[in-house]
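Chemist: Sharing a structure below in structure tokens format, with a few things to ask.
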Amino acid sequence: MEMVNLTIDGIKTQVPKGTTVLAAARSLNINIPTLCFLKDINEVGACRMCVVEVKGARSLQASCVLPVAEGMEVKTNSKDVREARSVILKLILARHERECLTCSRNLNCELQKLCEEMGIDGLDFQGEKITYAVDTASPSVVRDQNKCILCGDCVRMCNEVQNVGAIDFAHRGSKMTISCAFERPIADSPCVGCGQCAAVCPTGAIVVKYDFHKIWKALDDKNTKV
Ligand code: FES
């Protein structure tokens, strides 16, 4: 196997050719934050949260899709890298619904975790905000496009792993969304309710429906034996 020598944060390492910088860094226990990256499923460099500085490169590079090269020198936590990640996060937050306390992913949200880790203490940008209706018609999942960060993890999981194809990207630019065919509710799509889209969603944009209130109602109903 052909091996490649590179330096990450001053540490010399050797990894097989074709390895990404992200994987090489992780093999050294160096943490690079990611949002859209889903190993072997979604490796498209969409969110740019994983940017790193590569000596000689004109701009910061997305480490999750950047193959290592001989002699490469990478910095994963320089001032430029930290500033870029902070701006990227604030841009995502600009159009994200931030009702965290009432979100079922509160304290279990990758976006929230990154904000905490990076010390995001204010919002510098006001994004064009489109308010989407929450899709609750399905018996198994709830889709809230207002919390979507367009990472594409759900789309690839649904299409390429589960081979269902219930959801995909729709529209362009700031109007881009994840949608079912003809923008119909997910209950009208070929969705089989497997919940794998919810399992990989880094935020609360797709969550498994929980019937907590229905259960209490049934328990409180004296005419129902439960
Ligand atoms: Fe690398 Fe999203 S994690 S671009």
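Chemist: Could you tell me whether the stretch 64-82 includes any residue that is within 14 Å of the ligand (Cβ to nearest atom) and free of Cβ contacts under 8 Å to residues at least 12 places away in the same chain?
Modeler: no
Chemist: Within the stretch 1-92, which strands (runs of 3 or more DSSP E) (wholly inside it) include 3 or more residues that are crowded, with 17+ Cβ neighbours inside 10 Å?
Modeler: Fully inside the stretch 1-92 and qualifying: 3-8, 51-54, 72-75.
Chemist: Then there's this: Could you count how many residues in the stretch 118-140 are basic (Lys, Arg) and touching a Pro at 6+ places or on another chain (Cβ under 8 Å)?
Modeler: Residues flagged as basic (Lys, Arg) and touching a Pro at 6+ places or on another chain (Cβ under 8 Å) within the stretch 118-140 amount to 0.
Chemist: Can you confirm whether Val54 is hydrophobic (A, V, I, L, M, F, W, C) and within 12 Å of the ligand (Cβ to nearest atom)?
Modeler: When the stated conditions are applied, Val54 does not pass them.
Chemist: If I go through the stretch 181-226 residue by residue, how many of them are over 28 Å from Leu101 (Cα atoms), surrounded by 12 or more Cβ atoms within 10 Å (Cβ to Cβ) and hydrophobic (A, V, I, L, M, F, W, C)?
Modeler: 3
Chemist: Another one. Please state which one of Asp153, Asp144 is modelled with pLDDT of 95 or more and in contact with a helix residue (DSSP H, G or I) (Cβ under 8 Å, 6 or more places away or on another chain).
Modeler: Criteria check complete, one pass: Asp153.
Chemist: Considering only the stretch 27-50, state which residues are at pLDDT 95 or above, away from the ligand (no atom under 12 Å from the Cβ) and not aliphatic (A, V, I, L, M).
Modeler: Scanning the stretch 27-50 gives Ser27, Asn29, Asn31.
Chemist: Oh, and also: Provide a single number: the residues in the stretch 200-220 that are under 24 Å from Cys36 (Cβ atoms) and over 11 Å from the mean Cα position of the chain (by Cα).
Modeler: Total meeting the criteria: 3.
Chemist: Using beta carbons and a limit of 6 Å, which pairs, at least six apart or on different chains, have the first residue in the stretch 162-180 and touching a residue at least 60 places away in the same chain (Cβ under 8 Å) and the second one exposed (fewer than 12 other Cβ atoms within 10 Å of the Cβ) and of a type outside the set (Lys, Arg)?
Modeler: Ser174/Glu128
Chemist: Gln112 versus (1) away from the ligand (no atom under 16 Å from the Cβ); (2) surrounded by 17 or more Cβ atoms within 10 Å (Cβ to Cβ); (3) modelled with pLDDT under 95: which is the lone unmet condition?
Modeler: Tallying (1) away from the ligand (no atom under 16 Å from the Cβ); (2) surrounded by 17 or more Cβ atoms within 10 Å (Cβ to Cβ); (3) modelled with pLDDT under 95, Gln112 fails exactly one: (3).
Chemist: Could you figure out which of (1) acidic (Asp, Glu); (2) in contact with a strand residue (DSSP E or B) (Cβ under 6 Å, 6 or more places away or on another chain); (3) away from the ligand (no atom under 16 Å from the Cβ) isn't true of Asp188?
Modeler: (2)
Chemist: Going by the structure shown, is Thr224 β-branched (Val, Ile, Thr), under 17 Å from the mean Cα position of the chain (by Cα) and in a loop (DSSP other than H, G, I, E, B)?
Modeler: So Thr224 does not fit the description; no.
The values are calculated or read from the model by the stated rules, or taken from the named source; none is laboratory data. This is a predicted model, so every value here is computed, not measured. For neighbour counting, all protein chains shown are included, and Cβ atoms are generated from backbone atoms with ideal geometry for every residue, glycine included.
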